[in-house]
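The values are calculated or read from the model by the stated rules, or taken from the named source; none is laboratory data. Treat the numbers as computed from the prediction; the structure is a model and nothing was measured. Every residue, glycine as well, gets a Cβ built from its backbone with ideal geometry; the counts of neighbours run over all protein chains shown. Areas reflect the complete protein model, heavy atoms only, side chains present, ligands, DNA and RNA absent. Shrake-Rupley method; radii C 1.70, N 1.55, O 1.52, S 1.80 Å.
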Amino acid sequence: MLLLRCPLLLLLLLLPLGSRPQKLPTRDEELFQMQIRDKAFFHDSSIIPDGAEISSYLFRDTPKRYFFVVEEDNTPLAVTVTPCDAPLEWKLSVQELPEEASGEGSGEPEPLEQQKQQITNEEGTELFSYKGNDVEYFVSSSSPSGLYQLDLLSTEKDTHFKVYATTTPESDQPYPELPYDPRIDVTSLGRTTVTLAWKPSPTASLLKQPIQYCVVINKEHNFKSLCAVEAKLSSDDAFMMAPKPGLDFSPFDFAHFGFPSDNNSGKERGFLKSAKFGRQMSSKPRVDLHKVCVGNKNIFTVSDLKPDTQYYFDMFAVNTNTNMSTAYVGTFARTKEEAKQKTVELKDGKVTDVFIKRKGAKFLRFAPVSAHQKVTFSVHSCLDAVQIQVRRDGKLLLSQNVEGVRQFQLRGKAKAKYLIRLKGSKKGASMLKILATTRPNKQSFPSLPEDTRIKAFDKLRTCSSVTVAWLGTQERNKFCIYKREVDDNYNEEQKKREQNQCLGPDTRKKSEKVLCKYFHSQNIQKAVTTETIRGLQPGKSYLLDVYVIGHGGHSVKYQSKLVKTRKFC
């Protein structure tokens, strides 16, 4: 448990911070209730309580440090850090406790200066670090006892963040669980309305906990957390009042974070409900960003939208007991034009984004302005497979199902007009990119080999590295490779459900990037490259992705490869 029984150690932790001795809340329910009713326990504290989310503030380029103690070995541990309106750099490390503080001990306690020397002189072992604006987790089923230290830094601007730590992650589960398919479906699309549907959270359907869903609509991009949405909604780009430098600031002020009052002292402890910090502000929501909470509904129609406008939709499941949220996989859609148009005109050499509702169809027209010998159609299906049919002056030339990236080259004809019919998936809404051109050498899409698989060499696997290879082309392109650690039971079906294949490397975490390089070969038989990815953990599974980036800036992802390092070497 996150329990600090040694007052001397707590004093040592707080002395460098200029604060008086404080107690850390324990998982003893009666004692926990007693402690949280006394503000003095956490005022201006750098101690992280067990099983409660704290909200705090970072000034730019001013690091902040938090502590907690795990007293017993083999203790489960989960730490979640949620950036709000700016990327964070954070690191979790651990060091051994002084001998007297780490157990009951016997004999005379060590002198104060000697114990202080033990804590401050040891650098500690780094367990995890991350840079970015994603909600990131550190989870361990068996953590050693010791003094844990969480360091946070914002280099871009003053910002808010949230931290949650627990030694009982299996029983706590404060964040709503995502369903098997966490995508948002666009079930109906009009000129001013879009209807969204999603599968319920198992936290509501199975665990019967109170869950409400909040839909976020904007015209810029998808959001990764509800905290980021709330920060953007506020007039000063922050949903909590920033503390003034030099004044006391309590990131865990119980008067503002929903702790029970004395009148509720007899009730059973629940999770802590976050609220806005500081005085109430008259915020002016941005015109292009709206948040609507719809209760426990699983379908919602967004109205009063502009015709022929692209919108981004995010949905968050919020546990009303804990006020903690989990993001579904966001989507985007373009509303219909004011005057209905049966076909979309394709321009030569220009990539066009196409959205197709479930079981729906879209018609596109391509009419080259000049004589041509060949015409090339490149299709990149973002989610599920779509069907493409191409007719030239009424004659069917092509009918294929497309999954991933496909390129079709057809014989041209003077003054020919091409009608393209795209049919969506029966499983859900479809998104794709399509390019038509009579000049193959002017394509925006990068050229691809026929085989876009990544090959892993089993004999070259070690406990800390894997070696892979992939094919290139005669065209010089930029290739970037990314890695992500996944669970051992991760499979291809999960990858399809969670990943929009049209998202490029700019959507990936910086920590996942391995390298980028340029590569080509005039001899197509020798257009192959290999890379050894190092710094991996023994017995762990990783998902590898290779992106090829064309001259027009459009990227295409090769087929993902699941690899596993050797457990023993």
Would you mind finding the one in Ala416, Ala367, Ala371 that is of a type in the set (Gly, Ala, Ser), more than 17 Å from Ile434 (Cα to Cα) and touching a Lys or Arg at 6+ places or on another chain (Cβ under 7 Å)?
Ala416
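Among Ser106, Ser141, Ser102, which is of a type in the set (S, T, N, Q), surrounded by fewer than 17 Cβ atoms within 10 Å (Cβ to Cβ) and modelled with pLDDT under 80? Break it down into steps so the answer makes sense when it comes.
On the way: Ser141 fails: modelled with pLDDT under 80; Ser102 fails: surrounded by fewer than 17 Cβ atoms within 10 Å (Cβ to Cβ).
Selected residue: Ser106, the only one of Ser106, Ser141, Ser102 that is of a type in the set (S, T, N, Q), surrounded by fewer than 17 Cβ atoms within 10 Å (Cβ to Cβ) and modelled with pLDDT under 80.
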Look through the stretch 62-99, keep the residues that are of a type in the set (Phe, Trp, Tyr) and either touching a helix residue (DSSP H, G or I) at 6+ places or on another chain (Cβ under 6 Å) or modelled with pLDDT under 90 (or both), and return whichever of them is most open to solvent (accessible area, probe 1.4 Å).
Phe67
Looking at (1) more than 22 Å from Tyr328 (Cα to Cα); (2) in contact (Cβ under 8 Å) with a residue 24 or more places away in the chain, which is the one condition that is false for Gln525?
(2)
Answer with yes or no whether Thr187 is of a type in the set (Val, Ile, Thr), closer than 26 Å to Leu383 by Cα and either at pLDDT below 90 or surrounded by fewer than 19 Cβ atoms within 10 Å (Cβ to Cβ) (or both).
yes
Pick from the stretch 506-518, criterion open to solvent by less than 90 Å² (accessible area, probe 1.4 Å) and part of a strand (DSSP E or B), ranking: nearest to Cys463 (Cα to Cα):
Val514
Looking only at the stretch 545-560, decide whether some residue is touching a strand residue (DSSP E or B) at 6+ places or on another chain (Cβ under 6 Å), of a type outside the set (A, V, I, L, M, F, W, C), open to solvent by 20 Å² or more (accessible area, probe 1.4 Å) and in a loop (DSSP other than H, G, I, E, B).
no
Scan Thr120, Thr159, Thr168 and give me the residue that is β-branched (Val, Ile, Thr), open to solvent by 30 Å² or more (accessible area, probe 1.4 Å), within 30 Å of Thr203 (Cβ to Cβ) and at pLDDT below 90.
Thr168
Of the numbered conditions (1) surrounded by 18 or more Cβ atoms within 10 Å (Cβ to Cβ); (2) in contact with a Pro (Cβ under 8 Å, 6 or more places away or on another chain), Phe59 satisfies every one except a single condition; which is it?
(1)
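Looking at Arg461, Arg439, which is the one that is in contact with a Ser or Thr (Cβ under 8 Å, 6 or more places away or on another chain), open to solvent by 20 Å² or more (accessible area, probe 1.4 Å) and in contact (Cβ under 8 Å) with a residue 60 or more places away in the chain?
Details: Arg439 fails: in contact with a Ser or Thr (Cβ under 8 Å, 6 or more places away or on another chain).
Selected residue: Arg461, the only one of Arg461, Arg439 that is in contact with a Ser or Thr (Cβ under 8 Å, 6 or more places away or on another chain), open to solvent by 20 Å² or more (accessible area, probe 1.4 Å) and in contact (Cβ under 8 Å) with a residue 60 or more places away in the chain.
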Selection from the stretch 389-413 of residues that are closer than 16 Å to Ala436 by Cβ, open to solvent by less than 40 Å² (accessible area, probe 1.4 Å) and either under 32 Å from the mean Cα position of the chain (by Cα) or of a type in the set (Phe, Trp, Tyr) (or both)
Val402, Phe408
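Pick from Ser541, Ser521: which is within 15 Å of Ser447 (Cβ to Cβ), out of contact with any Cys (no Cβ under 8 Å at 6 or more places or on another chain) and open to solvent by less than 30 Å² (accessible area, probe 1.4 Å)?
Numbers: Ser541 fails: within 15 Å of Ser447 (Cβ to Cβ).
The unique qualifying residue is Ser521.
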Pairs please, first residue from the stretch 175-186 and touching a residue at least 12 places away in the same chain (Cβ under 8 Å) and over 18 Å from Phe300 (Cα atoms), second anywhere and of a type in the set (Lys, Arg) and open to solvent by less than 50 Å² (accessible area, probe 1.4 Å), Cβ atoms under 9 Å, 6+ apart in sequence or on different chains.
Tyr180/Arg497
Take the conditions open to solvent by less than 40 Å² (accessible area, probe 1.4 Å), assigned to a strand (DSSP E or B) and in contact with a Lys or Arg (Cβ under 6 Å, 6 or more places away or on another chain) and apply them to Leu422. Does it pass?
yes
List the number of the failed condition for Asp451; all other conditions in (1) outside any strand (DSSP E or B); (2) in contact (Cβ under 8 Å) with a residue 40 or more places away in the chain hold.
(2)
